[in-house]
Amino acid sequence: MPQSLSKLAILVLFLFPIASNLIEHSTSAISILLTLMGIYIWLSGRHDLLLDRDEKRIMWAFAVYFGVCFVFYLAWGLLSENHSLKWRLDHESRMLTFIPIYILCARLHIKPWVLWWGAAIAAIAYGIYSLIFLYGISPDQRVTGAYHPIAFGTVALITGFFSLSGMKYFQRLGTWWTVVPVIAVTCGMLAGFLSGTRATLIVIPFLTIVFFIQLNTFSRPWLFRTLLILIITVMAAASYHFPGSTMRHRIHTGIHDAGMMLEGKEVAGSHAIHLRLWAEGWKIFTDHPFAGVGARGYDAIIKEKVEKNLVPAQLAQLPSPHNMYLNNMTAYGITGLFILLGIFLTPLIILAPAAKKDGPAQDVAYAGIMLITALMLFAMTESIFIRNININIYVILLAMIVSMVKHHQDDPRPSS
């Protein structure tokens, strides 16, 4: 692989975490660039790679995801009354980019600094940006980056906890360098809270548990556990009472609306609408558990119900049930759930064993487990993969991490 191309790819991967959330369309541009690089390596015969069975299984998981979506797209297009085959798989087709991007990353032999410094700088930048946004750009609003508040909060939280996984790397640089991941996770949580993303309250405890498990490999785990609990407590309390933060209002409103709905009362608030979306999504799935209703079937059914005054009109404003699992289940039946779990769980066949073995691959593996854990949880409250930023974040970071784990397993010497 030409050295100039390798340097460009490394630079792009290093800048990807910070650019993805602050520069509009950057994730798509970077994804296209990395995909073309991977295809070039493959077609030129310069990949020099012998992928093992586990790596191929992960690639197949992403290929099967698209394949199932494509088969359902053809079936519903040909069997529908209008026989429409208008292309509607833009998001699903992006899953295929994992294959060339992984080939590229595996060929690059990415050094740890690309991941750890890229994530830490991004998380710190997000924290600073969120304060500037809240008190300068748009007061009393949910902090948002280049796309959507939920996407901003998701990426900020992931990069912050990534930095914690790299604690040993920063320790090797010197004792004082360990302050970098501490600041990064603090800023990542701050950005997540100020974005008003309520799912952060669910995700943070689980990512903390993953890090606590990783701490068993540290010489003084109790110190880091105490420090992290202190940071989480302070940040949660501060963001709840932060002047201008929307988190308190969103939590109280969400709890109130959920309580009213469980009591059988009509609630028209935007937070209650999400609960109705889930309920309607589940009804559609139970009515069509095997065939689903197609990629755009949910939206069509909800709009039809709105016209008949069977559901509140606000439900028609959102094209999905606001839950990725239900989104796939309504579109593709139970198969949709399996393919989604496939792209989440299949990478663990490499990451889980690596997390149990001492060496440079261990910390990177924990970062991968955090990535999967975070997105699996965020998928419960948001149809994450109907947004390109979330697909690109998952595909590119996962390709980086899995390739780094495999490289360090083959060459276990610590590297900078």
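The values are calculated or read from the model by the stated rules, or taken from the named source; none is laboratory data. The structure presented is a predicted model; accordingly, all values stated were derived computationally and were not measured. So basically every Cβ, Gly included, is an ideal-geometry build from the backbone, and we count neighbours across all protein chains shown.
Please specify each residue of the stretch 201-229 satisfying the condition of being touching a Leu at 6+ places or on another chain (Cβ under 6 Å), modelled with pLDDT of 85 or more and not aromatic (Phe, Trp, Tyr).
Within the stretch 201-229, ILE202, VAL203 meet the criteria.
Need pairs with beta-carbon distance below 8 Å; first residue within 19 Å of ILE369 (Cα to Cα) and within the stretch 209-229, second in a helix (DSSP H, G or I) and of a type in the set (Asp, Glu); sequence gap 6+ or separate chains.
GLN214/ASP363
Keeping to the stretch 284-299, report how many residues are outside any loop (DSSP other than H, G, I, E, B) and under 27 Å from the mean Cα position of the chain (by Cα).
5
Which members of the stretch 314-367 meet the condition of being among the charged types (D, E, K, R) and surrounded by fewer than 21 Cβ atoms within 10 Å (Cβ to Cβ)?
Answer for the stretch 314-367, where residues must be among the charged types (D, E, K, R) and surrounded by fewer than 21 Cβ atoms within 10 Å (Cβ to Cβ): LYS356, LYS357, ASP358.
Which residue out of GLY359, GLY269, GLY336 is modelled with pLDDT under 90 and closer than 30 Å to VAL405 by Cα?
Testing whether each residue is modelled with pLDDT under 90 and closer than 30 Å to VAL405 by Cα leaves just GLY359.
Could you give every pair whose Cβ atoms fall below 8 Å, whose first residue belongs to the stretch 349-377 and is under 23 Å from ASN327 (Cα atoms), and whose second residue is at pLDDT below 95 and outside any helix (DSSP H, G or I), counting only separations of at least 6 or pairs across chains?
So the pair list comes out as LEU377/ALA199.
Condition first: among the aromatic types (Phe, Trp, Tyr) and within 18 Å of ALA120 (Cα to Cα). Now tell me which residues in the stretch 340-381 satisfy that.
TYR366 - this is the single residue of the stretch 340-381 that is among the aromatic types (Phe, Trp, Tyr) and within 18 Å of ALA120 (Cα to Cα).
Can you say whether LYS357 is outside the structural domain of GLN171 (by TED's automatic domain parsing) and of a type in the set (D, E, K, R), as far as the supplied structure shows?
Criteria not met by LYS357.
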